[in-house]
Amino acid sequence: MRHLKYPGRSLWVRALNLMVRLAPVHSKYYLNSILLRKSLTGLSAVPASSEYQFVWAGPEDVRFIMAHSEALQDHVYDKRVTNGDRCFCVKQGSEIVSYNWIRFTSCCALCGFDRGLTFFPLQSDQAFTYDFYTYSKYRGKHIGRLLKMHLLHALNEIGINEVYTLVRPDNEISMKIQLRLGYEPVQMIFGYQILKCKKVLYGSARDNQRMNQWTQRFMAERGFG
């Protein structure tokens with residue numbers, strides 16, 4: 001199946017993108033993602049599993065993630081915990097298979113990183129999920145979709161009624177999972193960092209129209225009902 005290229009952006013976004021490209025290599029960052037939203041009312045039941053456990057990560061689980069060969073730097077996870085973020089994970093025995101981090105204060109990109117970009121604050125019944133990851137040896141077994149299904153129920157049980165997430169258009173696996181679970185595109189998000197200057201911009205009406213058209217084509221080409 002051919003890759004579905006994301007459509008062209010408006011002139012002002014392309015101009016800012018050019019500025020990022022011209023900036024010094026180690027002092028820039030550019031984010032082009034779709035903000036997706038999911039209501040947690042009327043969730044479908046999820047099947048139980050005898051092979052995996054779906055749980056909130058405890059301190060030992062976070063240490064497992066930090067010590068793993070596919071981990072990020074330790075300070076990234078330290079910042080997440082300090083901020084009050086939580087991690088939901090899939091386990092097989094004592095080993096973590098897949099995980100997803102959740103923030104309850106605001107939406108963000110690169111949560112925990114020094115160059116992290118935060119945008120609109122969340123209400124008490126809202127949450128933002130990020131760093132959706134399955135370890136390489138467990139991929140291809142549809143574990144990520146099971147994690148997401150159980151996570152939505154776990155969030156609903158603690159009073160969350162609405163969930164947001166960011167997905168890059170070129171992350172096809174994550175995009176398919178979110179859309180099949182009923183997430184809907186809300187807004188294009190453009191984030192920039194040049195040296196110490198950071199800015200998050202919301203897509204214009206034209207950008208969001210293109211986003212919706214692209215999402216519809218994405219779903220049609222991948223056989224969504």
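The values are calculated or read from the model by the stated rules, or taken from the named source; none is laboratory data. Everything quoted here is computed from the prediction, not taken from an experiment. With ideal geometry, Cβ positions are generated from the backbone for all residues, glycine too; neighbour counts draw on all protein chains shown. When the accessible area is computed, the model is the full protein with side chains, heavy atoms only, and any ligands, DNA or RNA have been set aside. Shrake-Rupley method; radii C 1.70, N 1.55, O 1.52, S 1.80 Å.
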With the chain treated as a Gaussian network of Cα nodes joined by springs under 10 Å, which of ASN100, ASN212, ASN171 yields the largest mean-square fluctuation?
ASN171
Chain lengthening between TYR138 and ALA67 when straightened (0.36 nm per residue, less Cα-Cα)
23.8 nm
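Taking the solvent-accessible surface of protein heavy atoms with a 1.4 Å probe, what is the per residue accessible area of the chain in Å²? All intermediate terms of the calculation are to be shown ahead of the outcome.
Details: 11760 Å² over 225 residues.
So the chain comes to 52 Å² accessible per residue, rounded to a whole number.
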Place +1 on the Cβ of every Lys and Arg and -1 on the Cβ of every Asp and Glu in the chain, take the dipole about the Cα centre, and give the residue among LEU36, TRP101, SER50 whose Cα lies farthest towards its positive end.
LEU36
Label-point gap, in nm, between LYS196 and THR41 - each point 7 angstrom along Cα→Cβ
4.6
Bridge orientation stat for region 61-214 from DSSP, antiparallel percent rounded to 5, came to 85
Size of electric dipole in region 55-143: Cβ of Lys, Arg +1 and of Asp, Glu -1, about Cα centre, debye, nearest 20
220
Using the Cα centre as the reference, give the magnitude of the dipole from point charges on the C-beta atoms of the chain (Lys, Arg: +1; Asp, Glu: -1; all else neutral), rounded to the nearest 20 debye.
1040
Top positive-direction residue, dipole computed over region 163-212 with Cβ charges, set LEU166, ASN208, GLN193
GLN193
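Taking only DSSP H segments of four or more residues, each worth -39500 (n - 2.57), what value at 222 nm results for the chain once the sum is divided by all its residues, to the nearest 500 deg cm²/dmol?
-10000 deg cm²/dmol
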Once both labels are modelled 7 Å past Cα along the beta-carbon direction, what's the SER94-PHE224 spacing in nm?
4.2
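Once the piece of chain linking ASN212 and ALA154 is laid out straight, how much longer is it, given 0.36 nm per residue of separation minus the C-alpha distance between them? Numbers along the way, then the final one.
On the way: separation 58, 0.36 × 58 = 20.88 nm, distance 2.91 nm.
Contour length minus Cα-Cα distance gives 18.0 nm.
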Between THR215, THR134, THR41, where does the largest GNM mean-square fluctuation fall for the chain, given springs only between Cα atoms within less than 10 Å?
THR41
For the chain, modelled as a GNM with alpha-carbon contacts under 10 angstrom, which of PHE88, PHE64, PHE128 fluctuates the most?
PHE64
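How large, in percent, is the carbon and sulfur part of the accessible surface of region 86-167 at a probe radius of 1.4 Å?
46
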Within the chain, which is the longest segment containing none of the trypsin sites (Lys or Arg not before Pro) that sit in a DSSP loop and have at most 11 other Cβ atoms within 10 Å?
6-195
Please go through the residue pairs LYS91/LYS199; LYS91/LYS198; LYS176/LYS196; LYS79/LYS199; LYS141/LYS199; LYS79/LYS148 and name each one whose alpha carbons sit more than 30 Å apart in this structure.
LYS91/LYS199; LYS91/LYS198; LYS176/LYS196; LYS141/LYS199
